[in-house]
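Colleague: One structure, pasted below without further comment.
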Amino acid sequence: MRRNNLRLLALLMALPILAAVWSGCAKEEPQNQPIVKKPVTKKVAEASAGPAAADNAVVAKAAEPVLYNPAGKRDPFTPFIKPPKTMPSAELPVGPPSLQTQDIGSFKYVGMIWSPRAVRALVEDVEGRGYTVTVGSRLGRGGAVVTRISDKEIMVKEEFKDYTGATVVRESSLKLKSAGGK
């Protein structure tokens, strides 16, 4: 008897669930179709407007697309700060900028490279970083220019103005350091 009661109880619990599932499977209602308006020509619009046709003509003219005319306007892609168009060749930096941040005396001439194109000198700074320089390279804070490279020294020419405003030319050299430090 007890098993029959359990079956009856299970059946009574399952009936509402089955009814809910069965009712959920009903046909879905069709969705509302979007309303599509057909374009109306100007003649039909003016005929249907009646006396207010003049007002509609003004609105129709304002709705027409306006094309962009760049005449007399600034180009939005040009930079605000423009670099100078031409720089004198004497002011052009030649070589890495770290060569121009130290004094000439802080560099050591450690070697030389011969190639078919040019002769290059190996220069080392105080921190031990090596650089190659050629004739015309800038070296030192004062903007000294390498004028000559030989197997024993590098000749450097530096121009600056003294306290009176006169241009002074100073030539100095960097001697080759051998392995023994001489």
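Here, each number is a calculation from the coordinates, and none is a lab measurement. A quick note: this is a predicted structure, and the numbers were derived from the prediction, not measured. Heads up, the Cβs are rebuilt from the backbone with ideal geometry, glycines too, and the neighbour counts pull from every protein chain shown.
Colleague: Would you be able to say whether some residue in region 127-141 is out of contact with any Pro (no Cβ under 6 Å at 6 or more places or on another chain) and touching a residue at least 60 places away in the same chain (Cβ under 8 Å)?
Modeller: Checked region 127-141: no residue is out of contact with any Pro (no Cβ under 6 Å at 6 or more places or on another chain) and touching a residue at least 60 places away in the same chain (Cβ under 8 Å).
Colleague: A further question follows. Which residues, counting only those in region 112-159, are among the acidic types (Asp, Glu) and loosely packed, with under 15 Cβ neighbours inside 10 Å?
Modeller: Within region 112-159, 127, 151, 159 qualify.
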